[in-house]
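Following: one structure in structure tokens, then a few remarks.
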């Protein structure tokens, strides 16, 4: 038996298929993964993401600390509630975790880190925080719901205290708001609009039930994975890990090279790879032959070399198989993937595959 979120009983009552995910008992789906996927693309779905780790950092030197800890520059966060996506690197430039940072106050920031990396993340952050006298507070008493889809915010708005409702609806993407005991952010992991809502654990079941009563579809990990794949959003442990640089995981845009004198952890190793002509490409693949692309399948680029599918699957929105892959350096737009002993043709495409309900590639 794994750890359970405050919404575990709601999942069981809704008939969820429960699976282990990073030591947590989580819903895979509630009957039809495909229907849940389409609900998010076309209307609204809600995910229990309470297994994610919420960490609050505080102290007079917390901003200086974060400028050292992560590859992006928290100086970009100038307004309270503003969010920043970044990677936390080791000294070799590998990704310890990818995370979101929110500016809460002049001396306080909130981090949302991955569930499966909780223990190592907290240990690493606390180790690095010591010299800066930064407090590290895990917020295990909070639950987190992600309401996603074109109608998500409108359907979820009645769940927000009326005093904060208009401000919540006015939030711009990648901004958050403290609304009493609730923290609301216009962020997500699906390629659709919506909110991620942090609430006291005791309040989460009532909010979940209210969302479902409003017509929001309960969604599990299966739909979350196909949605994030279509949106070309990386999954830690699949598309990158401690042995992979953000430069070879499509996350070069999350590295702030300026100011040049900011010495973040892993900068030297990342700079060396940045200047290398052999740096691998991280690309989207569209399968042109019958079949399904899966993680770890071999990608062959004739006359160039080999790579690997990092995330692959069938896209319910596109109706074809797609993948993210790490492939050799070079200028080419076609390759083959070995699927069950056969070499199938794939086309290299610009990602995301789908965003805001719209297919973004030529099919």
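Values in this text are rule-based calculations from the coordinates and carry no lab data. Keep in mind it's a predicted model, so treat the numbers as computed, not measured. Here the Cβ positions follow ideal geometry from the backbone for every residue, glycine too, while neighbour counts run over all protein chains shown.
At-a-glance table
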| item | result |
| --- | --- |
| Computed over segment 280-363: relative contact order in percent, which uses C-alpha pairs under 8 Å that are six or more apart | 34 percent |
| Segments 200-213, 268-281, 232-245 sorted - mean Cβ within 10 Å per residue, highest first | 232-245, 200-213, 268-281 |
| Listed residues 21, 264, 282, most fluctuating in the chain (Gaussian network, C-alpha, under 10 Å) | 21 |
| The chain: most fluctuating residue of 40, 300, 147 per GNM, C-alpha cutoff 10 Å | 300 |
| C-alpha center-to-center spacing [segment 203-282, segment 168-202] in angstrom | 18 Å |
| Footprinting exposure proxy for 189, 332 (fewest neighbouring C-beta atoms within 10 Å first) | 332, 189 |
| Shape category assigned to segment 195-304 from the gyration tensor of Cα positions, a/c cut at 1.5 | oblate |
| Prolate/oblate/rounded label for segment 33-81 (Cα gyration tensor, a/c 1.5) | prolate |
| The chain: relative contact order as a whole-number percent, Cα under 8 Å and 6+ apart | 18 percent |
| Set of segment 156-195 residues, backbone N closer than 16 Å to the point 7 Å along the Cα-Cβ line of residue 209 | 159 |
| Hull-based mean projected area of segment 1-46, where the convex hull spans the alpha carbons, in square nanometres | 3.4 nm² |
| Inter-label distance, nm, simple model (7 Å from Cα along the C-beta direction), residue 106/residue 60 | 1.2 nm |
| Directionally averaged projected area (convex hull, Cα atoms, segment 13-152), nm² | 10.0 nm² |
| Most fluctuating residue given options 217, 308, 288, as computed from a GNM of the chain linking Cα atoms under 10 Å | 288 |
| Additional length obtainable on full extension of the chain from residue 257 to residue 363, 0.36 nm per residue less Cα span | 34.6 nm |
| Dimensionless Rg over Rh [the chain; C-alpha; Kirkwood] | 0.96 |
| Exposure proxy order (Cβ contacts within 10 Å, fewest to most) of 8, 353 | 8, 353 |
| Kirkwood Rh and Cα Rg combined as Rg over Rh, evaluated for segment 96-220 | 0.99 |
| Segment 257-363: equivalent-ellipsoid semi-axes (sqrt of 5 x gyration tensor eigenvalues, Cα, Å) | 29, 18, 11 |
